[in-house]
Amino acid sequence: MQGDWTNPAAYAHMRDYEAQEFAAEYLIRNDTFIVECSQLALQGANTGDLLGQPDFAARWGARFHCHR
């Protein structure tokens, strides 16, 4: 069962979010982003290239931290 997105109480935990946190919430709820991100993750698993396509971050306006 999904939560009621129209209920303000469902977003109380986001009250102190910074702009980048709101942006991350948007991305993780975007089906197209999730599909593309999953495809890049699969490619990275096969090639060892964890960063994926150079235009991916630019297209989505995303910045990723590399943890090595």
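For the reader, a short list of remarks on this structure follows.
- Selection from segment 1-19 of residues that are closer than 24 Å to G61 by Cα and surrounded by 10 or more Cβ atoms within 10 Å (Cβ to Cβ): Y11, M14, Y17
- Taken over segment 1-40, the criterion of being modelled with pLDDT under 80 and either in a helix (DSSP H, G or I) or not acidic (D, E) (or both) is satisfied by M1, Q2, G3, W5.
- Filtering segment 27-40 to residues that are exposed (fewer than 12 other Cβ atoms within 10 Å of the Cβ) and either over 16 Å from W60 (Cβ atoms) or not β-branched (V, I, T) (or both) leaves R29, D31, S38.
The values are calculated or read from the model by the stated rules, or taken from the named source; none is laboratory data. The structure displayed is predicted, hence computed values, not measured ones. Here Cβ is always computed from backbone atoms with ideal geometry, including for glycine, and neighbour counts include all displayed protein chains.
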